[in-house]
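Coordinate-derived values only; no laboratory data. Since the model is a prediction, treat every value here as computed from it, not as a measurement. Here the Cβ positions follow ideal geometry from the backbone for every residue, glycine too, while neighbour counts run over all protein chains shown.
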């Protein structure tokens, strides 16, 4: 028997999913990303599977899509239109493989001499994120084109479909056939379309899929023709007629590959990026491969459709109430999903700034499980109106920390709790007093020397972006602090072997390794030194700007606000932070003590700059996007700067090169828009060598 709390959540999920179904399929006005909708649908499906008594005939899990729009003539499909079940992980696919083999083993009982099904061949096709279309041809000429609709009734869009050049009006063979495929709008055409709509003051389309659906439902075919829709056809649903000198009810297609080849032969456009995989491991490899390169195509791809290749096995497995048993949609990791906020806590940073962090019900997003998301500041909590207990849409792209995009407010039950910003925070130390920073949305601890701030500063000081001391991670730093062996930065460089051997888990070898790393880090470049000091509002980019301008730490210590503000990229708030940090007497003590233990290399000491031999990179501005395979992002930045180049975090007309790795983001598109030169990783490596 399902608990009352589960009943209420199922009810809320059902209403929410149905509402977004209507917005997506009927009105073409989606409010959330497909991946967020999928997460809500999947949660509902799992709860109904766990508690079958909660299933209803009208639940969205028991249907395929939404009703057709009233403005088009309704068409009843001659072949039922199915949707695919989804897989999101490698484990999901291995479970699918096991299910398929289990079902097929039933055939063995009838035919002991038959195949063993140890390895099933799968046909893998790219899952195009467009609008499904069903095309009927009579004697080789197009008769009816319909949208999927609810799977039984669709919309007649024949006149609009005729404007799409890739869809043949007359086939190469005079057959009676019903085929299924996808209509899509290319990314470049999507950009042009939205630019035109901006000029006219019209509402912009959210994405190419949304634009394709909106276009196909235009009443005027001339408008459809102007937008250059495209298509891929992938399935023969019904066939009868004469083709290639033979008369048959259905061509003798033995497998999915032959079906795709047949479609091409009679005149349809088929996506050529399909592959025959001998086993499930090859399927997973194909999925991983396209997960990396999907963004390079002009059409949107949201996964891989995996089908048993052999037609006889497809027929044997058949269909469930809503999907084929012989096929599945292997989705790429979603950049958006939904989850529940279980708590909101304040985290004290190394500069004393308080960051609200949402503790989440663990969920899979962008290929990894996350249970935390930053809420940035008090103003962001108010803007989102996020409460403890809310169902939220979570977004993560690449290595970026997850963000809460919005709250699914229709999921509220009334039990959600508003987060009240406190007057005191225990982790701030002293009496716990906090204050809002003038002119900013951030709050900070009044006490600048709390233990937790000291810990975070030391964690940052030894990290990769600063002093980069190997073998000295956060756990070792904490152990040294708790043992009273260090209290500030300089103490790290006075550690002796005997100090370390008294700590738990430290032996001769590990102690020697750490001391060697500390010794090597006593010579540090000026930019890394500045980063390590934890000056508020001063990150890696600003540290390099300061290093180029002042060249050594002594000049920087004496810098005035007026001069700092003249540096391009440094504003009044950052300039004031820098001056205030160096004016603080406690900071001066820490700095002087540290400088007695280490040597900071002047910026002009870089061999590539001081030698007078300017490389082809010297003075050039680089932007990095995507994942580099030969080096980390930090290593690439270091190499550029060592050769006198500059790094920017955003693309502008001043950018010389955008280095595009795997899965490049919006910076790639911005570079295309501005005409900035985009170079591959290989070209970038050659530049470094030159």
Open item on the list: With 16 Å as the cut-off, how large is the P(r) tail for segment 4-62, expressed as percent of Cα-Cα pairs?
Closed with: 39 percent
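With the Cα gyration tensor of segment 525-605 giving a ≥ b ≥ c as the square roots of its eigenvalues, does the rule (a/c under 1.5 for rounded; else a/b larger than b/c for prolate; else oblate) give rounded, prolate or oblate? Could you put the intermediate results ahead of the total?
Details: a/c = 1.74, a/b = 1.22, b/c = 1.43.
Judged from the Cα gyration tensor, segment 525-605 comes out oblate (a/c at least 1.5, b/c at or above a/b).
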- [ ] With mean projected area of the Cα convex hull in nm² in mind, check (i) 46.1; (ii) 48.0; (iii) 39.0 and report the label derived from this structure.
- [x] (iii)
Open item on the list: Roughly how far apart, in whole Å, are the Cα centres of segment 173-196 and segment 653-690?
Closed with: 30 Å
- [ ] Measure nothing fancy, just the Cα-based angle from helix 90-110's long axis to the longest principal axis of the chain, in degrees from 0 to 90, nearest 10.
- [x] 30 degrees
TODO: Please determine, in degrees from 0 to 90 and to the nearest 10, the orientation of helix 451-461 with respect to the longest principal axis defined by the Cα atoms of the chain, where the helix direction is its Cα long axis.
DONE: 80 degrees
Task: Prolate/oblate/rounded call for segment 146-299, Cα gyration tensor, a/c under 1.5 rounded - done: oblate
Task: Gain upon complete extension [residue 83, residue 2; 0.36 nm per residue less C-alpha separation] - done: 26.3 nm
Task: Span from the segment 364-436 Cα centroid across to the segment 221-238 one, whole angstrom - done: 43 Å
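How do 137, 489 line up, fewest other C-beta atoms within 10 Å first?
Values: 137 25, 489 22.
Placing the least packed residue first, the sequence is 489, 137.
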TODO: Quick one: order 294, 382 by neighbouring beta-carbon count within 10 Å, fewest to most.
DONE: 382, 294
Task: Tensor-based shape of segment 336-426 (alpha-carbon gyration tensor, a/c under 1.5 rounded, otherwise prolate or oblate) - done: oblate
- [ ] Can you figure out the FRET efficiency of residue 507 with residue 468, using R₀ = 22 Å and their beta-carbon distance, to the nearest 0.05?
- [x] 0.40
Open item on the list: With equal scatterers on the alpha carbons only and no solvent term, can you work out the Debye log10 of I(q)/I(0) for segment 608-689 at 0.18, 0.24 1/Å?
Closed with: -0.69, -1.18
Open item on the list: Would any residue of segment 419-455 have its amide N under 20 Å from a label point 7 Å out along Cα→Cβ of residue 482? List them or say none.
Closed with: 427-429, 450-455
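For residue 105 and residue 18, FRET efficiency with R0 = 41 Å and r from the beta-carbon atoms, rounded to 0.05? Can you show the working numbers first?
Values: r = 38 Å, r/R0 = 0.93.
Calculated value: 0.60.
Tell me, what is the percent relative contact order of the chain, built from C-alpha pairs under 8 Å that lie six or more residues apart? Walk me through the intermediate numbers first.
Values: 1196 pairs, mean separation 62.6, N = 690.
This gives 9 percent for the chain.
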TODO: Kindly work out what percent of the DSSP beta bridges joining two residues of the chain are antiparallel, to the nearest 5.
DONE: 85 percent
Task: Cα→Cβ-extended label distance, 7 Å offset, between residue 632 and residue 238, nm - done: 6.0 nm
Task: segment 451-521 - Rg and Dmax from Cα coordinates, angstrom - done: 11.1, 31
Open item on the list: If you average the alpha carbon positions of segment 614-637 and of segment 500-547, how far apart do those two centres end up, in angstrom?
Closed with: 23 Å
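Given a Förster radius of 60 Å and the C-beta distance between residue 405 and residue 141 as r, what FRET efficiency does 1/(1 + (r/R0)^6) yield to the nearest 0.05? List each step's numbers first, then the result.
On the way: r = 47 Å, r/R0 = 0.79.
Here the calculated transfer efficiency is 0.80.
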Open item on the list: If I model a spin label as a point 7 Å beyond the Cα along the Cα-Cβ vector, how far apart are those points for residue 257 and residue 298 in nm?
Closed with: 2.9 nm
Open item on the list: Under the 0.36 nm per residue contour assumption, what length would be gained going from the current alpha-carbon distance of residue 98 and residue 587 to full extension?
Closed with: 169.7 nm
Open item on the list: Give me the one-decimal nm value for the distance between modelled label points at residue 368 and residue 196, 7 Å along each residue's Cα-to-Cβ direction.
Closed with: 4.2 nm
- [ ] Using only Cα atoms, tell me the angle between helix 256-265 and the longest principal axis of the chain; keep it within 0 to 90° and round to the nearest 10.
- [x] 70 degrees
